[in-house]
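Beneath this line is the structure, given in structure tokens, with notes to follow.
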Amino acid sequence: MTAPRKITSFDIAELAGVSQPTVSRALRGSPAISEETRKRIEAIAAQLNYKVDKNASNLRSQHSNTLALLFFEDPSPDDSQINPFFLSMLGSITRACAQRGYDLLISFQQFSTDWHKDYEDSRKADGIILLGYGDYETYRGRLEQLVAQGTHFVLWGSSRDGQPGVTIGSNNFQGGHDATRHLIDRGRGRIGFLGDASTHYPEFFARYRGHEAALQAAGLASDPALQADALSNEADGEAAASALLSRGVPFDALVCASDLIAIGAMRTLQAAGRDVPGDVAIVGFDNIPAARLTRPPLTSVVQDSRAAGQMLVDTLIGLIHGEAVQDQVLPVHLEIRQSSGG
């Protein structure tokens, strides 16, 4: 008896009426292949019980068929040290990788390490998704090094002119504007902003600029005394709210650059005897799961984490395959709950 002949991609190509390279591209999820052709090829492959030999494919293409997801340390309410919003993106990134036939390598990095050098000569991954970056003015130099060494990477953040690499992010300006407009529509006229409002933290800065634009459009003055710096953690939110209270300036609402800041601020205000939303209405940003559990539940600007994960993966794979890709901005919307008087 002789063993049955092993099915190859050439057999599938003959039955599908296409070339063997087309079969290879279709089975690895290349966007260059139409959906109709890809489905026809996948159906034939399934009928023949054909399995892609990843080792052989990777050897020919010099690709690992693996993407790396790098989280960066970030103060958080638990021991994960990962921003809760980024955790919400993990599922969609994993799902998108599986759909495109890629494995996902998840790595937790500290800002103090030389993480940007780890992928220069290694074959660990074909490209990197970067989530979180702390002080952008410090981080930018490492992005420039990634570009110089030819690393394929995509960054979640705020797109800026001349920024190294490709950025996917939410419309932070619109989110800050809509949050402030919402509070104005509810009769609030002394609206503060908690969050770093500088180029060191461009996402927060864009939210602040949106906040100011909404005030200006409504004919309300922007008072510097109503802004307090805070990074994305509850402790900073508590400290920022305490700073506003200590200044003695009146305020009846707060736009917070993240939900964690808002949760910390709410705790401080309530401890000081300020009713939320009666005395001070509050809006956060990110719509993390904890936003629904605060008392009162927190109104928040929603970022589309599912679409974000899919777009990060698709854009990175496009880069790897030499396709033209560009920065993308995702829309946001407001989830209204009781903290803003909704």
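For this structure, a couple of remarks:
- Shown is the FRET efficiency for Ala272 and Val302, computed with R0 = 35 Å from the Cβ-Cβ distance and rounded to the nearest 0.05: 0.75.
- Less than 5 angstrom separates the built amide H of Gln303 from those of Asp286, all sequence-distant by 5 or more or on a different chain.
- The chain - percent of accessible surface contributed by carbon and sulfur, probe 1.4 Å: 50 percent
- Note on the range 126-166 and the range 247-300: Cα centroid distance 32 Å, given to the nearest whole angstrom.
- Computing Rg and the Kirkwood Rh from the Cα coordinates of the chain gives a ratio, Rg/Rh, of 1.09.
- Share, in percent, of DSSP beta bridges within the chain that are antiparallel, nearest 5: 10 percent
- The label point for Arg209 and the one for Val147, both projected 7 Å from the Cα toward the Cβ, are 1.8 nm apart.
- Between helix 35-47 and the chain there is an angle of about 60 degrees, using the helix long axis and the longest principal axis of the Cα atoms.
- For the range 201-274: rounded, prolate or oblate by the Cα gyration tensor [a/c cutoff 1.5]: oblate
- Cα pair distances in the range 154-238, grouped into 10 Å bins until the bin that holds the longest one, percent each: 18, 45, 29, 8, 0
- With bins 5 Å wide beginning at 0, the percent of Cα pairs of the range 252-342 falling in each bin runs 3, 14, 22, 17, 11, 8, 8, 7, 5, 3, 1, 0.
- A 1.4 Å probe run over the chain, with the rest of the protein chains in place, finds 46 Å² accessible per residue.
- Taking the chain as the region of interest, the number of lysine pairs whose Cα atoms are within less than 28 Å, with members eight or more places apart or on different chains, is 8.
The values are calculated or read from the model by the stated rules, or taken from the named source; none is laboratory data. Here the structure is a predicted model, which is why all the values come from computation and not from measurement. Cβ atoms come from the backbone with ideal geometry, glycine included; neighbour counts cover every protein chain shown. Ligands, DNA and RNA are stripped out before the accessible areas are found, and what is left, the full protein with its side chains, is counted by its heavy atoms. Shrake-Rupley method; radii C 1.70, N 1.55, O 1.52, S 1.80 Å.
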